[in-house]
């Protein structure tokens with residue numbers, strides 16, 4: 001429920017604060033007084049586009065703030081999903097800056113216009129003349145039936161199935177297209193795979209081969225230096241190892257005279273043993289190392305093969321070549337086993353079709369279940385609203401293919417005259433009849449949809465007398481279960497309001513501004529009398545107004 005609305009620096013409004021209550025609230029005022037300005041400001045917090053030209057003072061920002069009680073509308077999860085703080089009394093604020101930029105906040109959390117539209121759609125339904133265009137929209141017709149049939153859960157479950165069905169359909173289409181392309185490339189992929197498979201690549205071999213080639217290419221130089229080192233250590237007339245052995249013997253002879261003689265002897269002996277092991281290892285390596293052109297050629301050929309494959313496939317390692325080989329194998333298998341894979345997916349799709357058909361039948365049955373109620377309820381209200389021979393028809397057909405709402409097409413048809421042939425409403429109904437049809441639909445929806453607030457923006461255009469009175473009664477009845485706000489110029493509707501606001505203009509030194517105030521009972525008598533007789537009040541008009549209000 002809309003508890004209050006605050007508007008600053010918007011169009012003709014300098015600053016306005018209005019508090020609203022439950023029931024039916026009527027807003028009246030002369031043409032041009034600013035009733036539409038109120039709705040324009042409200043539209044900002046409903047997520048509509050902003051216009052910097054709407055600023056009254058171009059040097060200051062415009063602020064529109066609405067306070068809503070939302071404790072009974074089950075919106076906690078919606079707020080949590082969007083990471084916005086939930087409050088039972090929620091404040092929505094929109095700021096329009098002189099630069100043209102705008103900002104939006106919900107409970108002081110910055111939000112985008114998408115969230116603003118989503119939340120406001122669950123709080124307020126603004127019904128204006130242009131909304132009558134919805135009667136041309138088959139989606140609106142479907143929404144009306146689904147709302148009255150309470151199909152929300154059925155549609156949600158079906159929607160998930162339909163989404164999965166469309167996704168699988170797309171997957172099969174891509175599978176077929178991909179297979180057609182890969183079939184044409186199969187011979188080339190097979191050739192590439194066999195070339196890589198024949199190479200018997202090992203991930204670590206490239207580094208080892210490159211190191212081996214480097215060693216073999218310098219075999220003579222390496223061997224010559226190794227031999228010299230071994231000679232220095234153990235082969236020359238005064239080898240280092242023999243000198244160390246002699247040194248060990250000498251230390252042993254004097255170790256008893258030194259405090260750490262044994263330790264020094266052991267350290268020297270350990271060095272001699274390590275050096276002896278090193279000399280033996282170097283000698284063994286020098287003996288194993290020979291310049292072998294055949295081995296060099298074999299290693300070089302293997303490396304050339306690896307380099308060629310890497311260059312051909314534009315990779316830098318054997319690991320990438322092996323990965324490519326595995327991918328080629330998968331692609332080849334995919335083509336070879338495509339028929340089996342396709343059959344499995346098609347079987348899965350057929351199963352989905354069966355489930356969707358089942359869901360669609362349930363939805364269709366639920367929809368048909370309210371057709372007679374919708375027809376009789378709307379025709380009854382239209383008769384009350386001065387169309388005694390109203391014929392409201394719900395035309396239902398089945399579609400061949402699934403769509404987001406099932407396999408139904410629903411269109412509302414209307415005939416306003418006795419014996420008339422029902423046809424699309426906007427083609428056969430007058431403006432006044434269209435307004436009455438929409439009011440009847442909204443009245444029917446109000447009991448099922450549970451909208452917190454509905455705003456009627458001069459939908460009474462083109463009606464008067466008894467029809468206007470009945471229109472007011474319908475709004476008042478709606479107001480018993482929800483908050484209804486009606487912007488009206490008809491006294492018959494005005495007197496049905498539980499609360500009455502008047503919009504008016506005042507002239508200041510340099511500008512004209514709009515304002516709004518709540519009327520007490522006597523103020524209402526005067527306002528209704530003016531609506532009945534014009535600006536010149538007569539006692540008869542005042543008495544008539546008082547009688548209407550008392551009734």
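Overview of values
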{"quantity": "Residue in segment 515-537 that is surrounded by 15 or more Cβ atoms within 10 Å (Cβ to Cβ), at pLDDT 90 or above and assigned to a loop (DSSP other than H, G, I, E, B) present", "calculated": "yes"}
{"quantity": "Members of segment 395-427 that are under 37 Å from the mean Cα position of the chain (by Cα) and in a loop (DSSP other than H, G, I, E, B)", "calculated": "404, 405"}
{"quantity": "Out of 463, 484, sole residue that is touching a residue at least 60 places away in the same chain (Cβ under 8 Å), within 24 Å of residue 125 (Cβ to Cβ) and part of a strand (DSSP E or B)", "calculated": "484"}
{"quantity": "Selection count where residues are more than 16 Å from residue 28 (Cα to Cα), at pLDDT 90 or above and over 35 Å from the mean Cα position of the chain (by Cα), scope segment 477-491", "calculated": "1"}
{"quantity": "Condition check for residue 502: assigned to a loop (DSSP other than H, G, I, E, B), surrounded by 14 or more Cβ atoms within 10 Å (Cβ to Cβ) and either assigned by TED's automatic domain parsing to the domain that holds residue 68 or out of contact with any strand residue (DSSP E or B) (no Cβ under 9 Å at 6 or more places or on another chain) (or both)", "calculated": "no"}
{"quantity": "Criterion: in contact with a helix residue (DSSP H, G or I) (Cβ under 6 Å, 6 or more places away or on another chain) and more than 30 Å from residue 197 (Cα to Cα) - qualifying residue of 224, 261", "calculated": "261"}
{"quantity": "Selected residue [within 35 Å of the chain's Cα centre (by Cα) and surrounded by fewer than 22 Cβ atoms within 10 Å (Cβ to Cβ)] from 440, 430, 446", "calculated": "446"}
{"quantity": "Hits in segment 450-467 (condition: more than 21 Å from residue 21 (Cβ to Cβ) and surrounded by fewer than 21 Cβ atoms within 10 Å (Cβ to Cβ))", "calculated": "458, 461, 462, 464, 465, 466, 467"}
{"quantity": "Filter result for the condition that a residue is surrounded by fewer than 21 Cβ atoms within 10 Å (Cβ to Cβ), touching a strand residue (DSSP E or B) at 6+ places or on another chain (Cβ under 8 Å) and modelled with pLDDT under 90, over 56, 38", "calculated": "56"}
{"quantity": "Matching strands (runs of 3 or more DSSP E) fully within segment 47-158 where at least 3 residues are assigned by TED's automatic domain parsing to the domain that holds residue 16 and farther than 24 Å from residue 439 by Cα", "calculated": "62-69, 89-96, 102-106, 109-111"}
{"quantity": "Contacts under 8 angstrom Cβ, first residue in segment 409-434 being closer than 19 Å to residue 368 by Cα, partner part of a loop (DSSP other than H, G, I, E, B), 6 or more apart", "calculated": "413/422; 414/390; 414/422; 414/429"}
{"quantity": "Matching residues in segment 73-92 - criterion: being loosely packed, with under 15 Cβ neighbours inside 10 Å and within 21 Å of the chain's Cα centre (by Cα)", "calculated": "74, 76, 77, 80, 81, 83, 85"}
{"quantity": "Residue ranges of helices (runs of 4 or more DSSP H) in segment 184-274 with at least 1 members free of Cβ contacts under 8 Å to residues at least 12 places away in the same chain and closer than 17 Å to residue 302 by Cα", "calculated": "186-198, 205-217"}
{"quantity": "Among the residues listed as 97, 24, the single one being in contact (Cβ under 8 Å) with a residue 12 or more places away in the chain, touching a strand residue (DSSP E or B) at 6+ places or on another chain (Cβ under 8 Å) and buried (at least 16 other Cβ atoms within 10 Å of the Cβ)", "calculated": "24"}
{"quantity": "Residue that is out of contact with any helix residue (DSSP H, G or I) (no Cβ under 8 Å at 6 or more places or on another chain) and modelled with pLDDT of 90 or more, where the choices are 89, 64", "calculated": "89"}
{"quantity": "All positions within segment 415-425 that are out of contact with any strand residue (DSSP E or B) (no Cβ under 6 Å at 6 or more places or on another chain) and surrounded by 17 or more Cβ atoms within 10 Å (Cβ to Cβ)", "calculated": "416"}
{"quantity": "The lone exception for residue 476 - which of (1) in contact with a helix residue (DSSP H, G or I) (Cβ under 6 Å, 6 or more places away or on another chain); (2) assigned by TED's automatic domain parsing to the domain that holds residue 25 it fails", "calculated": "(1)"}
{"quantity": "Residue in segment 384-400 that is without any contact (Cβ under 8 Å) to a residue 40 or more places away in the chain, in contact with a helix residue (DSSP H, G or I) (Cβ under 7 Å, 6 or more places away or on another chain) and buried (at least 20 other Cβ atoms within 10 Å of the Cβ) present", "calculated": "yes"}
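Listed here are the residues, each with its yes/no results for (1) touching a residue at least 60 places away in the same chain (Cβ under 8 Å); (2) more than 30 Å from residue 413 (Cα to Cα); (3) surrounded by 13 or more Cβ atoms within 10 Å (Cβ to Cβ); (4) more than 19 Å from the chain's Cα centre (by Cα).
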residue	(1), (2), (3), (4)
69	yes, yes, yes, yes
103	no, yes, yes, yes
120	yes, yes, yes, no
152	no, no, no, yes
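The values are calculated or read from the model by the stated rules, or taken from the named source; none is laboratory data. Bear in mind the structure is a predicted one, so any value in this text is a computation, not a measurement. Note: ideal-geometry Cβ built from the backbone for every residue, glycine included; neighbour counts use all protein chains shown.
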